[in-house]
Amino acid sequence: MNAGVPESMLVTGGAGFIGSTFVHQWHQNHPGHRIIVLDKLTYAADPKQLEGLPEVELVRGDIQNRELVLHLMDHRRVRKVVHFAAESHVDKSISGPAAFIETNLVGTFALLDAAREVWAGDPDVRFLHVSTDEVFGSLGESGKFAEDTPYAPNSPYSASKAGSDHLVRAYHRTFDLPALTTNCSNNYGPRQHPEKLIPLAIQRMVRNEPIPVYGDGKQVRDWLFVTDHCRAIELIIAKGTPGETYCIGGDNEWQNLDLLNLLCDTVDRHLGRRQGISRNLLTFVKDRLGHDRRYAIDATKIQTRLGWEPAVGMAEGLRMTVEWYLKKQC
């Protein structure tokens, strides 16, 4: 590794939703720290989300390109890798699973193997792999996912993420790579691509178009505001124990239909419309294949060991999210 070059952090998928939010937060909290963003710039990424950050270098490229990753890690003296890059939309994984295996599984392998080669046993580096609660499968009416919950993925997306989680663990155990894994609940907030539930619904409300509700709409998700998630990742990089997994959740469970009703009322209020206008757009459609019924995270470990707590409640988070999207769309 080039010792004469200042240290830097490599953030994969840093032009996407959670990745770009993390880059902005890290830049604000660590001024002067160089960040290399490696992003394929697919449909869900936007380089404009990184504008105005002078210490951030955006490199367009694929995490599966091992030679590129090796070059960046060596010549930019990368000491930390934060791995967000992933195909993440469940519906797309059902219609086209190959891209999910290639990016989420093969891509993670390429990153891990490059880090192993460049870092060569250095204990002071860090590789943080960002994963999802969907690897645990589906919950019944009670209980929560925790770090020791057995894996039971039900979609090609969650299976590809489960495989990448296992690779991270294996590289730590086999090669002593200082790697950590996080499994988070559903993120929401500004910058999210409109294929996801909340921004899609906002977009449809603005356009007075039908808002699809899968099945009976009673699927339950634990929602986490994106800046709370990024604060947790910062803490884990600084204080987390290599080889450990940390579950990050908002302790904020909502049925999809209840969430959409709250979102409808929030949008109507911001648009100055009569309450109930947007609720009339909710349209029940056939349920998604393999649709998990309930997710919920037990975040006790990160709360007790690292002192993290979610700070943004649902009403405040939805207000900030709606304001950002309305400003962007209107």
Query raised in the report: Among the residues of region 245-267, which ones are surrounded by 18 or more Cβ atoms within 10 Å (Cβ to Cβ) and either free of Cβ contacts under 8 Å to residues at least 12 places away in the same chain or acidic (Asp, Glu) (or both)?
Result: Glu253
Report summary line: Selection over region 7-43 where residues are farther than 20 Å from Ala110 by Cβ, part of a loop (DSSP other than H, G, I, E, B) and out of contact with any strand residue (DSSP E or B) (no Cβ under 9 Å at 6 or more places or on another chain) yields a count of 3
**Report entry** Count - residues of region 78-97 that are more than 15 Å from the chain's Cα centre (by Cα), at pLDDT below 95 and either under 30 Å from Val5 (Cβ atoms) or hydrophobic (A, V, I, L, M, F, W, C) (or both)
**Finding:** 1
Report task. Collect the residues in region 276-290 that are touching a strand residue (DSSP E or B) at 6+ places or on another chain (Cβ under 7 Å) and surrounded by fewer than 16 Cβ atoms within 10 Å (Cβ to Cβ), keeping them in residue-number order. Result -> Thr283, Phe284, Val285, Asp287, Arg288
Query raised in the report: Which condition does Glu7 not pass, out of (1) over 13 Å from the mean Cα position of the chain (by Cα); (2) closer than 14 Å to Val226 by Cα, if it passes all the others?
Result: (2)
Query raised in the report: How many of the residues in region 139-153 are closer than 19 Å to Gly290 by Cα and surrounded by fewer than 18 Cβ atoms within 10 Å (Cβ to Cβ)?
Result: 5
Query raised in the report: Are any residues in region 67-101 farther than 27 Å from Pro212 by Cβ and free of Cβ contacts under 8 Å to residues at least 12 places away in the same chain, and if so, which ones?
Result: Glu67, His71
Query raised in the report: How many of the residues in region 164-179 are free of Cβ contacts under 8 Å to residues at least 12 places away in the same chain and hydroxyl-bearing (Ser, Thr, Tyr)?
Result: 1
Query raised in the report: So which of Arg294, Arg273 is more than 17 Å from Ile198 (Cα to Cα), charged (D, E, K, R) and in contact (Cβ under 8 Å) with a residue 40 or more places away in the chain?
Result: Arg294
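The values are calculated or read from the model by the stated rules, or taken from the named source; none is laboratory data. Since this is a predicted model, take the numbers as computed values, not measurements. Here Cβ is always computed from backbone atoms with ideal geometry, including for glycine, and neighbour counts include all displayed protein chains.
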